[in-house]
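Colleague: My structure is below; once you've seen it, I'll send some questions.
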Amino acid sequence: MALDQSFVGRTYPPTPAYEVGREKIREFAEAVGDAHPAYVDVDAARALGHPDVIAPPTFVFSITYRAAGEVVQDPQLGLDYSRVVHGDQKFTYVRPVRAGDRLTVTSTIEGIKSLAGNDIVDIRGDVHDESGELVVSALTKLVARAAEEA
């Protein structure tokens, strides 16, 4: 069953603040195999003009994807999460995420379409710091695969 187009434009409340720590950044950089010094060395980050270590570009995925979960779990939307696969991810940065940031995410359904029986949902997660400034927007595309015919 196709998802309701009237959900396009629906915005969900901001998430609780997530405090970005140096150790989390270091662990993430290590996990993705990115040895850039600005991710682990405060002096290297400061030499590039940052007040503290910065996070790799995909670091925010973990908090934006968690925020998108609120959309996915919305019973009124009716998305069958057991059939969902991650279709795409894009980030548009205003500035890098850095240690000490307290970030919230506000999710908005940007688009809903059906293609060959699959439901495709685009969710924009706007990530703001504690002063309310936009840091990054993440666009997550989720695909709910069509149910198999019996």
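Colleague: Go ahead and set up a Gaussian network model of the chain, Cα springs under 10 Å, then flag whichever of Pro14, Pro57, Pro75 fluctuates most.
Modeller: Pro75
Colleague: I want to verify a result. In a Gaussian network model of the chain, Cα cutoff 10 Å, which of these has the top mean-square fluctuation: Arg26, Arg83, Arg98?
Modeller: Arg83
Colleague: If you take the beta carbon distance between Arg26 and Ser82 as r and set R0 to 35 Å, what does 1/(1 + (r/R0)^6) give as a FRET efficiency, to the nearest 0.05?
Modeller: Working: r = 35 Å, r/R0 = 0.99.
The pair Arg26/Ser82 has a calculated efficiency of 0.50.
Colleague: Now, a different point. Would you mind checking the tilt of helix 61-72 against the longest principal axis of the Cα atoms of the chain, expressed as 0 to 90 degrees and rounded to 10?
Modeller: Long axis of 61-72 versus the principal axis of the chain: about 30 degrees.
Colleague: Follow-up. How high is the relative contact order of the chain, in percent, counting Cα pairs under 8 Å that sit 6 or more residues apart? Working shown, then result.
Modeller: Numbers: 304 pairs, mean separation 44.7, N = 150.
This gives 30 percent for the chain.
Colleague: Okay, next question. Let me spell out the model: positive unit charges on the Cβ of Lys and Arg, negative unit charges on the Cβ of Asp and Glu, origin at the Cα centre of segment 55-147. What dipole size does that give, in debye rounded to 20? The partial results should precede the final answer.
Modeller: Numbers: 10 positive and 12 negative charges, 59 e Å.
Roughly 280 debye for segment 55-147.
Colleague: Counting heavy atoms of the protein chains only and a 1.4 Å probe, report the per residue accessible area for segment 1-121 as a whole number of Å². Mind dumping the intermediate values first?
Modeller: Working: 6720 Å² over 121 residues.
With the other protein chains kept in place, segment 1-121 gives 56 Å² per residue.
Colleague: Once Lys and Arg get +1 and Asp and Glu get -1 on their Cβ, which of Val105, Thr92, Gln73 lies farthest toward the positive end of the dipole of segment 6-150?
Modeller: Thr92
Colleague: Sticking with this structure for a sec: Could you look at segment 11-84 and say what percent of its accessible area is carbon and sulfur, using a 1.4 Å probe and all protein chains?
Modeller: Details: 2290 of 4200 Å².
Of the solvent-accessible surface of segment 11-84, carbon and sulfur hold 55 percent.
Colleague: Need one number: the % of Cα-Cα pairs in the chain sitting beyond the 24 Å mark.
Modeller: Values: 4310 of 11175 pairs.
Within the chain, distances greater than 24 Å cover 39 percent of Cα pairs.
Colleague: Going by the alpha-carbon gyration tensor, a ≥ b ≥ c the square roots of its eigenvalues, is segment 59-101 rounded (a/c under 1.5) or, if a/c is not under 1.5, prolate (a/b greater than b/c) versus oblate? Walk me through the intermediate numbers first.
Modeller: Working: a/c = 3.06, a/b = 2.17, b/c = 1.41.
Cα axes put segment 59-101 in the prolate bin.
Colleague: Can you give the helix-only mean residue ellipticity at 222 nm for the chain, where every DSSP H stretch with n ≥ 4 adds -39500 (n - 2.57) and the sum goes over all residues, rounded to the nearest 500 deg cm²/dmol? Walk me through the numbers before you get to the answer.
Modeller: Working: 3 runs with 28 residues, N = 150.
Taken over the chain, the calculation gives -5500 deg cm²/dmol.
The values are calculated or read from the model by the stated rules, or taken from the named source; none is laboratory data. Since we're looking at a predicted model, the values are computed, not measured. Every residue, glycine among them, receives a Cβ derived from its backbone with ideal geometry; neighbour counts consider all protein chains shown. Side chains are part of the model used for accessible areas, which takes the heavy atoms of the whole protein and leaves out ligands, DNA and RNA. Shrake-Rupley method; radii C 1.70, N 1.55, O 1.52, S 1.80 Å.
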